[in-house]
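K.L.:
One structure, as structure tokens, below. Some questions next.
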Amino acid sequence: MDRKSKNFNVIHFVGIGGSGMSGIAEVLHNLGFIVQGSDLSLTDTTKRLSKLGIKIFRGHKKENIINAELLVASSAVPRNNIEIKEAKKIKIPIMKRAEMLAELMRFRFGIAISGTHGKTTTTSLIANMLAEGNLDPTFVIGGKLHGTNTNARLGLGKFLVAEADESDTSFLHLQPKIAVVTNIDNDHLDSYENSIEKLKLGFIDFIHNLPFDGMAVMCIDDENVRSILNKINRRVITYGFNQDAEIRVKEIRREGICTSFKVYRKNKFLLDIKSTLPGSHNIQNTLASIAIGLELDIKEDIIKKSLNSFSGIDRRFCITENIVTENGIINLIDDYAHHPTEIDSTINAIRDIWPNRRLLTIFQPHRYSRTKDLFDDFVESLSKVDFLIITEIFSAGEKPISGINSKSLTRAVRLSSNLEPIFLNDIQLLPKILKKIIHPKDILLTIGAGSIGDTSKNLCFSLQVKKPVGLVS
């Protein structure tokens with residue numbers, strides 16, 4: 001897809017502030033299309049798009065699409081949205097986000113990263129590796145890369161690297177040359193008839209969208225991924241800790257926040273790697289990127305250099321500040337974890353790095369449906385911290401579900417653990433509460449996929465009594 005297309009000029013994005021939508025909008029803008037969009041609120045993302053020259057409407061109104069010739073709609077936007085209804089009425093074509101991504105991928109060498117967890121990190125690692133190898137990729141990522149303040153870029157090379165979102169089955173629109181499956185977990189099952197088996201079939205169909213000479217890169221450590229391997233009729237490269245993995249890791253050494261390990265292909269030593277990404281889950285994400293780098297004949301020194309230089313992604317184990325508080329110096333970590341598996345991975349990574357530190361956690365549940373479906377798993381995961389504060393559920397546009405709320409989750413954690421968790425219905429009170437309970441050298445962790453990231457940034461300023469100092473070891 002390029003600007004030579006004369007079928008439409010003005011493309012309107014409904015929900016343009018979303019992580020996936022904003023990236024595609026930016027790429028289309030850089031291709032020369034006239035791009036505009038609307039969202040319920042103005043954010044750092046919409047402000048950045050506006051500075052690029054993309055017109056942003058605050059709120060959804062039918063007047064916003066008067067000049068539009070094509071609508072791109074986020075799956076997070078309800079189908080009864082006034083702009084979508086008006087587009088149908090006046091016969092403006094409507095595309096899903098993934099359909100537009102598929103159009104961008106159609107004439108490029110597509111690398112699509114799928115999986116319940118780890119998509120953003122793995123996509124970023126691969127994009128960074130291709131860039132380090134002077135392959136000038138186009139990428140669309142679900143989070144901002146540190147140092148670039150962007151989640152998308154239009155490159156001149158043949159590669160397009162993007163996340164493949166399984167949440168609404170829309171990843172089935174994509175037809176990449178290489179597909180990655182990081183894991184398959186119990187999430188978004190409402191799109192799959194509430195069946196994990198149907199979800200696994202969705203991933204099989206996604207892989208079978210590959211051309212005959214395509215390749216799937218799959219994490220063999222994951223039980224659900226392992227269970228579908230014999231149903232795949234494309235070339236597969238497996239990776240992981242498992243001794244059956246083709247790309248395998250051995251001799252892991254943790255050095256503070258960094259992790260060093262050796263990479264083998266079957267039993268042949270390939271690489272010595274030092275990664276700045278903490279946690280076993282990030283070793284797996286790194287292995288996926290290495291597998292693709294090797295497949296694309298990227299030189300080993302480039303692979304190592306790209307991993308050493310990788311600066312991370314916004315809200316993925318982000319040590320935002322080391323704060324001098326009234327009670328002493330603490331570390332503040334912000335993470336996007338919003339599923340029990342992700343929470344476990346984040347907690348385990350913190351325990352590996354700082355085994356003797358007290359872990360204070362502020363959790364903002366994301367979606368009523370997820371809280372309901374994974375309630376017991378959330379209770380188990382959250383019970384592993386030392387002090388817990390739970391905020392109101394971030395609805396993400398969902399309607400409340402009777403009996404599912406943060407109070408009931410707080411109560412369940414209290415009954416099943418030794419913790420005395422706090423339910424916080426007013427997030428503005430958080431600094432006041434924390435000042436009463438913080439100890440020197442505490443690790444303060446904010447987790448969730450909603451507005452908790454902004455709260456974390458504000459805590460840096462509301463808790464500190466002096467300018468932040470260097471990382472506390």
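K.L.:
Can you give me the number of residues within segment 47-63 that are part of a helix (DSSP H, G or I), surrounded by fewer than 21 Cβ atoms within 10 Å (Cβ to Cβ) and in contact with a Ser or Thr (Cβ under 9 Å, 6 or more places away or on another chain)?
P.N.:
Result for segment 47-63: 1.
K.L.:
Could you check segment 350-372 and list, in sequence order, the residues that are surrounded by 19 or more Cβ atoms within 10 Å (Cβ to Cβ), assigned to a helix (DSSP H, G or I) and at pLDDT 95 or above?
P.N.:
Matches in segment 350-372: 350, 368, 370, 371.
K.L.:
Restricting segment 43-58 to residues that are without any contact (Cβ under 8 Å) to a residue 24 or more places away in the chain and in contact with a strand residue (DSSP E or B) (Cβ under 6 Å, 6 or more places away or on another chain), which is nearest to residue 137 (Cα to Cα)?
P.N.:
50
K.L.:
Could I ask something else about it? Name the single residue that is surrounded by the fewest Cβ atoms within 10 Å (Cβ to Cβ) among those in segment 146-161 being in contact with a helix residue (DSSP H, G or I) (Cβ under 6 Å, 6 or more places away or on another chain) and farther than 16 Å from residue 46 by Cα.
P.N.:
154
K.L.:
Given the structure, is residue 277 of a type in the set (A, V, I, L, M, F, W, C), outside any loop (DSSP other than H, G, I, E, B) and outside the structural domain of residue 345 (by TED's automatic domain parsing)?
P.N.:
When the stated conditions are applied, residue 277 does not pass them.
K.L.:
List every residue pair whose Cβ atoms sit under 8 Å apart, with the two residues 6 or more apart in sequence or on different chains, where the first one lies in segment 59-78 and is at pLDDT below 95 and the second, anywhere, is assigned to a helix (DSSP H, G or I) and among the hydroxyl-bearing types (Ser, Thr, Tyr).
P.N.:
These pairs meet every condition: 75/170.
K.L.:
Residues 435, 441: which one is assigned by TED's automatic domain parsing to the domain that holds residue 339, assigned to a loop (DSSP other than H, G, I, E, B), touching a residue at least 40 places away in the same chain (Cβ under 8 Å) and more than 23 Å from the chain's Cα centre (by Cα)?
P.N.:
One residue alone meets the criteria, 441.
K.L.:
Of all residues in segment 325-375, which are more than 24 Å from residue 143 (Cα to Cα) and among the aromatic types (Phe, Trp, Tyr)?
P.N.:
Scanning segment 325-375 gives 354, 375.
Table: residues versus (1) more than 18 Å from the chain's Cα centre (by Cα); (2) at pLDDT below 95; (3) more than 17 Å from residue 449 (Cα to Cα).
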{"site": "18", "(1), (2), (3)": "no, yes, no"}
{"site": "27", "(1), (2), (3)": "yes, no, yes"}
{"site": "34", "(1), (2), (3)": "yes, no, yes"}
{"site": "48", "(1), (2), (3)": "yes, yes, yes"}
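K.L.:
Listed residues 136, 187; which is touching a residue at least 24 places away in the same chain (Cβ under 8 Å) and either farther than 25 Å from residue 46 by Cβ or surrounded by fewer than 23 Cβ atoms within 10 Å (Cβ to Cβ) (or both)?
P.N.:
The conditions single out 187.
K.L.:
Right, next: Out of all the residues in segment 405-429, which are modelled with pLDDT of 95 or more, in a helix (DSSP H, G or I) and hydrophobic (A, V, I, L, M, F, W, C)?
P.N.:
409, 412, 413, 415
The values are calculated or read from the model by the stated rules, or taken from the named source; none is laboratory data. Everything numeric in this text was worked out from a predicted model, so none of it was measured. Cβ atoms come from the backbone with ideal geometry, glycine included; neighbour counts cover every protein chain shown.
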